[in-house]
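Single-structure report; data block below.
The values are calculated or read from the model by the stated rules, or taken from the named source; none is laboratory data. Please read all numbers here as calculations on a predicted model, not as lab measurements. Cβ placement follows ideal geometry from the backbone for every residue including glycine, while neighbour counts extend to all protein chains displayed.
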Amino acid sequence: MTPLADILARRIAKTGPISLMEFMAECLLHPEHGYYTTRDPLGAAGDFTTAPEISQMFGELLGLALAQSWMDQGSPAPFTLAEIGPGRGTLMADVLRATKAVPNMHAAMQVHLVEASPTLKAAQRDKLADYDVTWIDEASALPDQPLWLLANEFFDALPIRQFTRDAHGWRETQVALEGEALAFGLSNPAPIAALDHRLANTKVGDVVELCPAAAPITDEIARRIANKGGAAIIVDYGDWRSLGDTFQALEAHKMVDPLARPGQADLTAHVDFEALARAATTAGASVSKMMTQGEVLARLGIGARAQTLAQNLDGEALETHIKAFERLTSDAEMGTLFKTIAIAPTPSRLPPGFDT
Ligand code: SAH
């Protein structure tokens, strides 16, 4: 048993089962024992790796897309260049390096990072030591000015509620006790207003997931973009409209039982891009059609960029580079599992790669 398993088991024994959402929130961000609170989970020695950690090309291409979008909207100054859930700061470092030569951009930008983990904040501070960076706890603290923003593998880390449909309503996934051990259970069925729009497209036995924190965060971002200008690019694994159980735990790059070691494994769920798009549209912004990561990177010119980089490489470094290119783009790896949408003030102002 982990220390957090013990804390949760005692709480459940006293007050009854907790929702999957509460379990996930405690496992990820418990102030003392939370997964993100206590470690840097990224990289080969960690539990998972991400596109910017695989290749510099990811951040370079997204950074140039944002820079072009900023120029297309008249190079407003000052503006916010932001990332939510910046991990080790690698993506932002690549964005900043790639955009160094864009006229006036760095003089006009105010870099803001939204980060909950003290450990990763420290890693970002090291990586971005040459830049003037402001850290904030929530998207609602972003300045009220034009905003260009990236989020890669952020929304999958937000706690979800999970429901199974039955003849009498929705039964919510809970974490209960079986003897001394944590075990999954289901609540009694009840109507759930937030799932009314799913009644027409699900049947008894179907599992759907809701991420209550996703819409308010998207709203904060989209409202600034709609009112002041800017663009956001969101990349994550998931799909259009959640269906099925996608809750998973990863430890040392392997799927594990999510209840086995609370606080020691990364917990995620697939992102429902329809929910993000709805929130952005409700806030008055425009949303691109959802595309795969492979398609958007191809549209942004990853083929040409990969070849340019390859010219200066040989041997093992060249092989690693080719593998990284395939990992980011191929259908068998991240290319189609990962999806992306862009948010802009109007359809004609979608960033390159997302325009039609
Ligand atoms: N974007 C990075 C890291 C992805 S890992 C990359 O691509 O490499 C998820 C990131 O989101 C971590 O930085 C984690 O600490 C952060 N995070 C998770 N939950 C958060 C929350 N509720 N608020 C702010 N940041 C959060």
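Structural remarks
- Filter result for E26 (farther than 30 Å from G185 by Cβ, acidic (D, E) and modelled with pLDDT of 95 or more): no
- Residue count for region 94-127, restricted to those that are of a type outside the set (K, R) and within 11 Å of the ligand (Cβ to nearest atom): 11
- Residue count for region 75-91, restricted to those that are free of Cβ contacts under 8 Å to residues at least 60 places away in the same chain and in a loop (DSSP other than H, G, I, E, B): 5
- Subset of region 95-127 (residues that are farther than 30 Å from Y35 by Cβ and of a type in the set (S, T, Y)): T99
- Some residue of region 12-20 being within 10 Å of the ligand (Cβ to nearest atom) and in contact with a helix residue (DSSP H, G or I) (Cβ under 9 Å, 6 or more places away or on another chain): no
- In the set L267, L259, only one residue is over 26 Å from L64 (Cα atoms), in contact with a Phe, Trp or Tyr (Cβ under 8 Å, 6 or more places away or on another chain) and in a strand (DSSP E or B); that residue is L267.
- Meets criteria (away from the ligand (no atom under 12 Å from the Cβ), within 17 Å of the chain's Cα centre (by Cα), under 23 Å from A280 (Cα atoms) and surrounded by 15 or more Cβ atoms within 10 Å (Cβ to Cβ)) for G85: no
- Any chance D355 is of a type outside the set (A, V, I, L, M) and at pLDDT below 95: yes
- On the stretch given as region 66-84, residues that are over 11 Å from H112 (Cβ atoms) and of a type in the set (F, W, Y) total 1.
- Any hit, region 291-302, residues being under 23 Å from G238 (Cβ atoms), at pLDDT below 95 and charged (D, E, K, R): no
- Screening the candidates E316, E295 for the property of being acidic (D, E) and touching a helix residue (DSSP H, G or I) at 6+ places or on another chain (Cβ under 9 Å) yields one hit, E295.
- Across region 141-186, the qualifying residues are those that are small (G, A, S) and crowded, with 20+ Cβ neighbours inside 10 Å, and the one among them that is farthest from the ligand (Cβ to nearest atom) is A151.
- Selected residue (only one of L297, L243 is within 26 Å of I343 (Cβ to Cβ), within 23 Å of the chain's Cα centre (by Cα) and part of a loop (DSSP other than H, G, I, E, B)): L243
- Selected residue (only one of D94, D144 is in contact (Cβ under 8 Å) with a residue 40 or more places away in the chain, assigned to a helix (DSSP H, G or I) and of a type outside the set (V, I, T)): D94
- Scope region 29-53; condition aliphatic (A, V, I, L, M) and within 9 Å of the ligand (Cβ to nearest atom); matching residues: L29, L42, A51
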